Amino acid sequence: MATVIDFSSALGQRAAQRLNSERIIWLTTTDSQGAPQPRPVWFFWDGDTALIYSAADVHKLHHIARSSHVALHFDSDGLGGDIVVFMADAVVDADAPAADQFSAYVEKYTSGMKRIGMNPRQFAAAYPVAIRLFLRSLRGHF
């Protein structure tokens, strides 16, 4: 599986910029009734896939096990502009490093970890499940 977004368009370039600079993205899964379940998550974009870390045995993991199809989006500019929405496939990635062993992730989120009273080791223990996101499509506008 691979990400298949065309990042050469104006929207694609803006999406890539936000993937590289934003700290929060909204992940939407669907529950057993088909209802959307959005939640803000920390993520790391490596240029091909996004990686998030999750606590074990939480609803989003059950949702992903049932259906790997998810949506991701960034907050807008507050006025209805700068809309970036992805459709993606999510898979639990047992081969991903633990969060505290992923130096770029630790660098990006050290201040956030401190804000919630954790160091990288504590964060990795609390959020041991890595979820890899493969982006399938993009929509939005400036």
| Between Ile83 and Ala98, 0.36 nm times their residue separation minus their Cα-Cα distance comes to what? | 2.3 nm
| Amide H of Thr3: which non-local residues (sequence gap of 5 or more, or other chain) have their own amide H closer than 5 Å, using H built in the peptide plane? | Leu135
| said: Rounding to the nearest 10 and keeping the result within 0 to 90°, find how far the Cα-based axis of helix 10-21 lies from the longest principal axis of the chain. | reply: 20
| task | Work out the FRET efficiency for Val58 and His141 from their Cβ-Cβ distance, taking R0 = 35 Å, and round it to the nearest 0.05. | result | 0.60
| Rounded to the nearest 500 deg cm²/dmol, what is the calculated helix-only ellipticity per residue at 222 nm for the chain, with -39500 (n - 2.57) per DSSP H run of length n ≥ 4? | -8500 deg cm²/dmol
| Karplus-derived HN-Hα couplings along segment 38-49 (A = 6.51, B = -1.76, C = 1.60, θ = phi - 60°), whole Hz, x at Gly and Pro | x, 8, x, 9, 7, 8, 10, 9, 9, x, 9, 9
| field | Whole-number percent relative contact order across the chain, with pairs defined as alpha carbons under 8 Å at least 6 apart | value | 31
| field | Nitroxide proxy distance, nm - points 7 Å out along Cα→Cβ at Asp48 and Trp26 | value | 3.0
| query | Cα centroid distance between segment 114-139 and segment 6-35, in Å? | reply | 16
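Computed from the coordinates by the stated procedures, all read-outs in this text should not be read as laboratory data. Because the structure is a prediction, the values reported are computed rather than measured. Ideal geometry is used to build each Cβ from the backbone, glycine not excepted, and the neighbour counts take in all protein chains shown.
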